[in-house]
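The values are calculated or read from the model by the stated rules, or taken from the named source; none is laboratory data. The model shown is predicted, which means the values in this text are computed figures rather than measured ones. Note that each Cβ is placed from the backbone with ideal geometry, even for glycine, and that neighbours are counted across all protein chains shown. Ligands, DNA and RNA are excluded from the accessible area calculation, which covers all protein heavy atoms including side chains. Shrake-Rupley method; radii C 1.70, N 1.55, O 1.52, S 1.80 Å.
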Amino acid sequence: MATVCVYCAAHHGTRPAYAAAARALGAAIVAGGHDLVYGGGHVGLMGEVADVVLAGGRQVTGVITRHLMDLEVGHDAVTEMIVVEDMTARKAEMFARADAFAVLPGGVGTMEELFEVWCWASLGLHPKRLGLLDVEGYYDHLLAFMDRAVADGLLRAEHRDLPVVTADPVDLVARLFAEES
């Protein structure tokens, strides 16, 4: 049994495809026999993923700051809720419990989480796989930016290629846990 850490928005966004993808990713996690660790919210894409994984009978661990819990955004139905003092502790706890990372569309917080685990992987600090669920081309511009960094000699191509990128949640989960060839 492996645990997928999902990073994503605490909002639904303006495109219905984002929530649909969050639910589909949750279903793929369940179908793969995996558990979920995530930011602990009941709101936005976070809540969508968690609700599907819970409904599928898998374990869901939420990790949330006391500040956010006090704002009543914590999911009250998760298997385990861990309340921490700050975002640094939140990210550390999520990282420690994760076997792989899946990233849905999101804002600044999601990008910060994505880049942290991507950076650490590029430095050889962890072997955990990272995947981007590229819903309706959400990550196209980010990936083009990273291609520019490679072209300009600021990023190694092998580090640019660390994340698995796909629009298919089932493919994403399968590739996160596929044996290296």
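Ignoring ligands, DNA and RNA, what percent of the 1.4 Å accessible area of the chain is carbon and sulfur? It would help to have the intermediate numbers written out before the result.
Details: 4860 of 8780 Å².
With neighbouring chains kept in place, the figure for the chain is 55 percent.
Please compute the Cα-Cα pair-distance distribution of the range 25-70 with 10 Å bins starting at 0, giving whole percents from short to long.
P(r) over the range 25-70, rounded to whole percents: 31, 53, 15, 1.
When the Cα centres of the range 109-163 and the range 48-95 are compared, how far apart do they sit, in Å?
25 Å
What relative contact order, as a whole-number percentage, does the range 14-153 give when Cα pairs under 8 Å and 6 or more residues apart are counted?
Value for the range 14-153: 19 percent.
At 7 Å along the Cα-to-beta-carbon direction for both residue 15 and residue 67, put a label point, then send me their distance in nm to one decimal.
Between residue 15 and residue 67, the label points sit 2.9 nm apart.
Excluding residue 173 itself, what net charge comes from residues whose Cβ is under 13 Å from its Cβ, given Lys and Arg +1 and Asp and Glu -1?
Taking every Cβ under 13 Å from that of residue 173, the sum is -1.
Looking only at 75, 42, 126, which one moves most when the chain is put into a Gaussian network model with springs between Cα atoms under 10 Å?
Answer for the Gaussian network model of the chain: 126.
Using only protein heavy atoms and a 1.4 Å probe, report how much of residue 152 is accessible, in Å² to the nearest 10.
Approximately 80 Å² for this residue.
Keeping all protein chains in the complex and leaving out DNA, RNA and ligands, what accessible area do you get for residue 156 with a 1.4 Å probe, in Å² to the nearest 10?
Solvent-accessible area, nearest 10 Å²: 150 Å².
Karplus couplings for the range 121-135 from phi (6.51 cos²θ - 1.76 cosθ + 1.60, θ = phi - 60°), rounded to Hz, Gly and Pro as x?
For the range 121-135, the Karplus curve yields 5, 5, 8, x, 7, 7, x, 6, 6, 10, x, 10, 8, 8, 6 Hz.
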